[in-house]
Each structure stands twice: as structure tokens, then as C-alpha cells.
Amino acid sequence: MPRFPFLPGLAALLLTAAPAAAQQVVDPDFHPEVERPAYAADGPVVVIDGAHHNFHTVDGQYAPFAALLRADGYQVRSGTAPFAAEGLAGVDVLVIANAGMIRPDHAAPIFTEAETAAVEAWVRGGGRLLLIADHAPFGAAAEALAARFGVRMGKGYAFAETPNGVSTNLVYPAEAFDDHPIITGREAGERVESVTAFTGQSLAGPPGATVLLPMTVGAREAPDLPTLQRINDRIEAGEPAGAVIAELSAPALPAQALAFDHGEGRVVVLGEAGMLSAQRARFPDGREVRFGMNVAPGNARFGLNVLHWLTGLLP
């Protein structure tokens, strides 16, 4: 497996500035266009969950993703209620992105057992799920739901060593991909040529799952951002990188994106949410970083192909 290059970006800035100091906003200049929409009108219903303290919602950080899907002909709605069989009726694709961001009790499960059972039964009966859980705390929040589908989550901050320290920003080039339909698309012009991830966690799938984005060789996972900061600081101070990384992190799980069938349904799990956003991070000292589909156009193609596979346009 090749080593992938790393981009300077949001994660690199977070290592040199307090995360709370950054203002994270949707990029107002991002206006997605789809040359050949999958549906002329009244396409499948996509519900983006907004009922579980989600950081990415239809009207918030995932407004660009919702706009992309609408440009492709999908009907995109916000999910406003707990998951239950009756509420999932009529939904073609359920998107759950970064649940569990802001809530009064972080120790409480973000999804009840009844909810995880309802979602699993719905998928097994033919439903389609896109589950996205980023770096901590999102992996822990989604862990119980992911386990229903045999998916393990790293729950920390996945990273790899760079010449100057560490980075959590990963670029997946064409040679990293296999020939899964999500990668190849409906025709040559829809092939995914690259995907960029902007921080996240690692994943491991159930038997038979396709690894869409394989973690780079030697990737590691720190349990939280302060630990990742300590790793970076100690390496920059001159300590041996290998020893510091071995002490404060664990090997990453093998994937950052998975696809698999579950009963009569389909599931895609992503370990990074920013790739399907279009955002700007602004710092008090004037620095600004754009991240998401606004700087990585291959991500939009990847997102559309994921939805095409989930809704059966791709085999």
C-alpha cells in the first residue's frame, strides 16, 4: 500500500492554536453544480439527522452537502425525531453525521438501544444508511450504533508522521482505490480520482466490507486532541518521533471509509465528516483555512457516488 501525501490544513492549525479560538463557518462561496443530475425531479428522499446533537445538519455544516444532493435531484430533509420504525418509513437514505457534539451529559448514550435496534432493522429490511463519525467525541457517540453493523471505531484522532511532526489531513490518490462501484461511478467521467480527509478517526468493518479509503501505512491514533498536541510538541522539541508516537498512540484501524450490504440494505460508514462539507476556519490572528469540497473537488464526486450506490444507481 503506498504512502499518501499530507496537506497542511485545519488539523495542522489546531496543533498550533486553541480549537476554541477558531470560528468554523460554512463557505458562502461554495455553490455546487451537477453536470448530469441523477434525477430530474422528485428523487429519493434523503434525511439528514438533526435530532441527536449533531454537529453537521441540513441547515448547518452540512448545508453544502444538502445543496450538492439537491442539485443531483434528491429530496433532502432534516430529521427532527428519535429513530423509530414509523419515522423511518418513506426514507430512502438516512444520513447520520457527527451526532453527540453538544449535550448536557456526555456520559449518556447518544442513541438509545431502541433507536439502534430500529435503524438496524430498517437497514436489514432494505433501508440505506450513511453513518459518519469523526474524531473524538463522535466515535464514542456513534459506537453503539456502529456495533449493530459490525463496525469498530478508533474513537480518537487518526494521524501519521510527517517530516515536521504529525498531520491528520490525508489525501487518498487514485492508486489507493479498488474498483468498487462507488469509486468507478456510472461512467469514466464519474470515477473518483482523489479524496481528501480533514481530520477524523479510523474504522474496521465487518467481514466482507469493502475498504473505500484505506488508512496510510503506519497511521496511528491518539485518544484526544491534547495528546495529539503533546506528540507534535515533543517531536518538534527534538525527541525521537518513533518513541513519542509509540508511547502516546496506538495503531490505527485499517480504514477511513467502508461500504457493505446488510441484509436487504446497504451501509456506508465514514470516519471523517469534513470531506463532505465546504467550510472555513477563521482564527483571531487572521489565518483562514478552507476545507471540504471547496478545496477538494474529488470529494463531491465521492459523495455523489456514495449516494448513487446507496440508492441503487450503482450495482
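The values are calculated or read from the model by the stated rules, or taken from the named source; none is laboratory data. Since the model is a prediction, treat every value here as computed from it, not as a measurement. Note: ideal-geometry Cβ built from the backbone for every residue, glycine included; neighbour counts use all protein chains shown. The protein model used for the area step is the full one, side chains on, heavy atoms only, and it has no ligands, DNA or RNA in it. Shrake-Rupley method; radii C 1.70, N 1.55, O 1.52, S 1.80 Å.
For residue 154, the conditions (1) crowded, with 21+ Cβ neighbours inside 10 Å; (2) in contact with a Phe, Trp or Tyr (Cβ under 8 Å, 6 or more places away or on another chain); (3) not hydroxyl-bearing (Ser, Thr, Tyr) all hold with the exception of (2).
Here residue 70 clears all of (1) part of a helix (DSSP H, G or I); (2) in contact with a helix residue (DSSP H, G or I) (Cβ under 6 Å, 6 or more places away or on another chain); (3) open to solvent by 60 Å² or more (accessible area, probe 1.4 Å) except the condition numbered (2).
Candidates are the residues of region 267-299 that are among the acidic types (Asp, Glu) and in a loop (DSSP other than H, G, I, E, B); the one that is most open to solvent (accessible area, probe 1.4 Å) is 285. Kindly indicate whether any position in region 176-183 is modelled with pLDDT of 95 or more, open to solvent by 10 Å² or more (accessible area, probe 1.4 Å) and more than 26 Å from residue 279 (Cα to Cα). Yes, there is a match, as at least one residue in region 176-183 is modelled with pLDDT of 95 or more, open to solvent by 10 Å² or more (accessible area, probe 1.4 Å) and more than 26 Å from residue 279 (Cα to Cα).
Among the residues here, residue 30 qualifies as open to solvent by 40 Å² or more (accessible area, probe 1.4 Å) and modelled with pLDDT of 95 or more. A single member of 213, 313 is in contact (Cβ under 8 Å) with a residue 40 or more places away in the chain, not in a loop (DSSP other than H, G, I, E, B) and not charged (D, E, K, R), and it is 213. Checking the stated criteria, residue 302 turns out not to satisfy the condition of being buried (at least 24 other Cβ atoms within 10 Å of the Cβ), at pLDDT below 95 and not in a loop (DSSP other than H, G, I, E, B).
Among the residues making up region 150-192, those that are under 29 Å from residue 228 (Cβ atoms), in a helix (DSSP H, G or I) and in contact (Cβ under 8 Å) with a residue 24 or more places away in the chain are 175, 176.
For residue 243, the conditions (1) farther than 27 Å from residue 45 by Cα; (2) surrounded by fewer than 18 Cβ atoms within 10 Å (Cβ to Cβ); (3) touching a residue at least 24 places away in the same chain (Cβ under 8 Å) are fulfilled apart from (3).
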